[in-house]
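Shown next, in C-alpha cells, is the structure this report addresses.
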Protein chains: 2
Amino acid sequence: MDATGRPGDNSPTALERIRALLHPETLPSDRRLPTERQLSEDLGVSRRSVRRALDVLEAEGRISRRRGAGTFAGPCPPLNASAMSERLAESDFMGVMEVRLSIEPPLAELAALRADARDAERLDRMTKNAHHSQDADGRELWDSAFHRTIAECAGNELYLAVFDLVDRVRQNAEWRQLRERARTHSALSLYAGQHDAIVESIRRRDPERAREAMRTHLSALRESVVRMMETGADDVG
Amino acid sequence: MDATGRPGDNSPTALERIRALLHPETLPSDRRLPTERQLSEDLGVSRRSVRRALDVLEAEGRISRRRGAGTFAGPCPPLNASAMSERLAESDFMGVMEVRLSIEPPLAELAALRADARDAERLDRMTKNAHHSQDADGRELWDSAFHRTIAECAGNELYLAVFDLVDRVRQNAEWRQLRERARTHSALSLYAGQHDAIVESIRRRDPERAREAMRTHLSALRESVVRMMETGADDVG
DNA sequence: GCACCGGACCAATCTGTACTTGGTTCAGTT
DNA sequence: AACTGAACCAAGTACAGATTGGTCCGGTGC
C-alpha cells in the first residue's frame, strides 16, 4: 500500500471510514460492526491500525468492545446467560446477602398478595421439615426450598429467575459450613419463629408484615454470620 | 421375572427399595438418584413400575423430578443459567416493571454509597447522550446504558448479573414501540429531569434520595405506559 | 530509530451438536 | 387386568469447535 509515503496516516483515514459506519442507517439491528480482521481487509490497513482507530472511538464512548463477542456501536449489549455464570463464583458472602435483602422482602410482599391456601400449606410444611431436620444438610435444604417457594408464590416468572440466579450462587459457594456454625441452638429457634411469622403473614395476606418479617429474618441471619466472622479465625473470601 | 406370580406387587417393593436410597448417608452430594432406566434395570422391574414408585415419593415431597435433569432427593436444585433464559420470553411488561421497581432503587442507593467522581461523570454523560438523541433507538440505547451504569456503580457483581438478567428480557421483548409511544414530548423532559435528579443524588452521596429518585422515575415510566395501554388499542402480552 | 505489516497465540464468548433424562404413548404378553 | 418393552417427545445438559477482541514478537522499508 501507500504506507511508505505517509507515515502515521493510516489510522486517521481508517478512523474516518469506520466513523462512517456508525450512523444509524448503516448499522445492523444489533449494532454490531465488522470484526477487526474484516475491517483490516476492507480498509486495506493493518489490524493494528484498525485497532488504534477503534481505541479512539471507544475513548469517545461511541463504541464498546467485548472479547469473543465483537465490537458494537454505542454501549455494550448485555452478555449471554451462560457467560455470566462463571463470574459469579467471585461473589462474597456480604454481596449475596446484600442482594437477598433487596429482593426477598419484596418477594414475600408479593407472595402475601398472591399466594392461595395451598401455597400457605406448602410453606408451612417446609418450615416444619426444616425445623425437624436433624442434620445440617436437611436444614440447609428445606430452608432453601422454603425461600424458593416464597419466590414461586410471588407469581412472577422473571422474579423467580432472578431468585434462582442468586440461589445458585448461594449454594455453589462453600459457605455451608459457615452458615451452619452460625446456627447455634438459640439461633435455630429464633429462625424457626421468624419462618413461622413469614408464613403467618402470607397466610393472612398481610404484605407489609410479610415484607418486614422477611427483612427481619435475613438481617438476623446476616448479623449472626457477621458476628461469627468477627470471632472466628477464618476469613471469608 | 416373577411378575406373573404377584400382580401389583412390583411397585410396592420397588418403592421400598428406592426409599432406602433416600437416606443421607447413601446419597451423592448433589442428591441425585439413578435415572429411571437405571433403577428399572437395578431393581429388575419395568420402568413403568419405577415411575409409579417415584410418583408416590414425589407426592410425599421426598423427591422432585425435572425432565432432562434427573430425579433428586428433596426439593429441586436450581436449574442452569442457560436453561432458564428461554422461559423468560413469556414475561409481561408489568412483571418486568415489578422487578425493576424492586431492584433498581436499591441499586441506586448502593451506587450513591460507592460511586466515585469518575462514575458520576460517566452517568452525567449518558443522560446527556440520551437527552440529545434525535431518534428513538438512540434514546432507548443511552437510557439503557444509564441504568446499567448505575448497576455497575453499585459494586456488587452478583447484583449486576441480576440487573443484566432483567435487562436482557427487557430488550428482547418487543416493547420498544410501546415505550417509545409512552415518551411524549412532555414525558421526555420529565424523564430528563428525573435522570438528572438521580445523578445529582449519587454525586452528592445521598443514598436515600438516590433510591427515592429512582423509584419515582420508574413509577412514572410505568404509569405512563399503563395509561398508554388503557387508551391504546393494542393489548400487551 | 520509527511506523507499519504480517502472523501467531491467548482468553472470552458464541454456536451448534450430540447425548442424557423424565414424560408419554402404544402394541404385545401373560 | 396388570405388567413389559420399546419407541418417541421435549426439556436440559455437556462438550467441542469456531469466532472475536487482546497481546506480543519478529520482519520490512525508510
Residue under evaluation B:Gly61, criteria (1) at the interface with chain A (Cβ under 9 Å from one of its Cβ atoms); (2) open to solvent by 60 Å² or more (accessible area, probe 1.4 Å); (3) away from DNA strand D (no atom under 14 Å from the Cβ), criterion not met = (2)
Taking A:Glu180 as the residue in question, decide whether it is touching a helix residue (DSSP H, G or I) at 6+ places or on another chain (Cβ under 9 Å), more than 15 Å from A:Ala108 (Cα to Cα) and in contact (Cβ under 8 Å) with a residue 12 or more places away in the chain.
-> yes
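When residues of region A:42-51 are filtered for being more than 34 Å from the chain's Cα centre (by Cα), in a helix (DSSP H, G or I) and within 11 Å of DNA strand D (Cβ to nearest atom), how many remain?
3
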Can you spot a residue in region A:64-71 that is in a helix (DSSP H, G or I) and either within 10 Å of DNA strand C (Cβ to nearest atom) or closer than 19 Å to B:Asn129 by Cα (or both)?
-> no
Give just the number: which of (1) buried (at least 16 other Cβ atoms within 10 Å of the Cβ); (2) within 12 Å of DNA strand D (Cβ to nearest atom); (3) more than 11 Å from every other protein chain (Cβ to nearest Cβ); (4) in a helix (DSSP H, G or I) does A:Leu15 not satisfy?
-> (2)
Only one of these conditions is not met by B:Met97: (1) without any contact (Cβ under 8 Å) to a residue 40 or more places away in the chain; (2) surrounded by 15 or more Cβ atoms within 10 Å (Cβ to Cβ). Which number is it?
-> (1)
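Could you tell me whether any residue of region A:119-132 is assigned to a loop (DSSP other than H, G, I, E, B), at the interface with another protein chain (Cβ under 9 Å from one of its Cβ atoms) and surrounded by 22 or more Cβ atoms within 10 Å (Cβ to Cβ)? If you could, list the steps in order and put the result at the bottom.
Of region A:119-132, the ones assigned to a loop (DSSP other than H, G, I, E, B) are none.
No, that holds for no residue.
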Residues of region B:100-118 being without any contact (Cβ under 8 Å) to a residue 40 or more places away in the chain and either buried (at least 23 other Cβ atoms within 10 Å of the Cβ) or within 16 Å of B:His217 (Cα to Cα) (or both), which ones?
-> B:Ser102
Checklist (1) under 16 Å from B:Ser102 (Cα atoms); (2) open to solvent by less than 30 Å² (accessible area, probe 1.4 Å) applied to B:Arg215, failing item = (2)
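Please go through region A:63-102 and give me each residue that is among the β-branched types (Val, Ile, Thr) and out of contact with any helix residue (DSSP H, G or I) (no Cβ under 6 Å at 6 or more places or on another chain), ordered by number.
Within region A:63-102, the first condition is being among the β-branched types (Val, Ile, Thr), and the residues that meet it are A:63, A:71, A:96, A:99.
Listed by number, the list holds a single entry, A:Thr71.
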Checking B:Glu90 against (1) acidic (Asp, Glu); (2) buried (at least 16 other Cβ atoms within 10 Å of the Cβ); (3) within 9 Å of chain A (Cβ to nearest Cβ), which test does it fail?
-> (2)
Please enumerate the residues belonging to region B:65-85 that are within 12 Å of DNA strand D (Cβ to nearest atom) and within 12 Å of chain A (Cβ to nearest Cβ).
-> B:Phe72, B:Cys76, B:Pro77, B:Pro78, B:Leu79, B:Asn80, B:Ala81, B:Ser82, B:Ala83, B:Met84, B:Ser85
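Can you tell me how many residues in region A:22-39 are in a helix (DSSP H, G or I) and either under 30 Å from the mean Cα position of the chain (by Cα) or over 17 Å from B:Asp135 (Cα atoms) (or both)? Lay out the reasoning, then the answer.
So in region A:22-39, the residues in a helix (DSSP H, G or I) come out as A:22, A:24-26, A:36-39.
With the extra rule that they be either under 30 Å from the mean Cα position of the chain (by Cα) or over 17 Å from B:Asp135 (Cα atoms) (or both), the set shrinks to A:36-39.
The number of residues fulfilling the criteria is 4.
On the given criteria, is A:Leu101 facing another protein chain (nearest Cβ under 9 Å), part of a helix (DSSP H, G or I), farther than 19 Å from B:Pro75 by Cβ and under 27 Å from the mean Cα position of the chain (by Cα)? If you could, list the steps in order and put the result at the bottom.
Details: facing another protein chain (nearest Cβ under 9 Å): yes; part of a helix (DSSP H, G or I): yes; farther than 19 Å from B:Pro75 by Cβ: yes; under 27 Å from the mean Cα position of the chain (by Cα): yes.
Here the answer is yes, as A:Leu101 does meet what is asked.
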A careful count of residues in region B:31-58 that are within 12 Å of DNA strand C (Cβ to nearest atom), open to solvent by less than 40 Å² (accessible area, probe 1.4 Å), touching a Ser or Thr at 6+ places or on another chain (Cβ under 8 Å) and touching a residue at least 40 places away in the same chain (Cβ under 8 Å) gives 2
May I ask you to list pairs of residues, at least six apart or on different chains, whose Cβ atoms are under 6 Å apart, with the first in region A:11-30 being touching a residue at least 60 places away in the same chain (Cβ under 8 Å) and the second being open to solvent by less than 60 Å² (accessible area, probe 1.4 Å)?
-> none
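Tell me, yes or no, whether region A:99-106 has at least one residue that is within 16 Å of DNA strand C (Cβ to nearest atom) and not assigned by TED's automatic domain parsing to the domain that holds A:Arg19.
Restricting attention to region A:99-106, the residues satisfying the condition of being within 16 Å of DNA strand C (Cβ to nearest atom) are none.
The answer is no, given that none of the residues of region A:99-106 is within 16 Å of DNA strand C (Cβ to nearest atom) and not assigned by TED's automatic domain parsing to the domain that holds A:Arg19.
The values are calculated or read from the model by the stated rules, or taken from the named source; none is laboratory data. Please read these numbers as outputs of a predicted model, since none were measured by experiment. Positions of Cβ are generated from backbone atoms using ideal geometry, with glycine treated the same way; all protein chains shown enter the neighbour counts. With ligands, DNA and RNA removed, areas are computed over all heavy atoms of the protein, side chains included. Shrake-Rupley method; radii C 1.70, N 1.55, O 1.52, S 1.80 Å.
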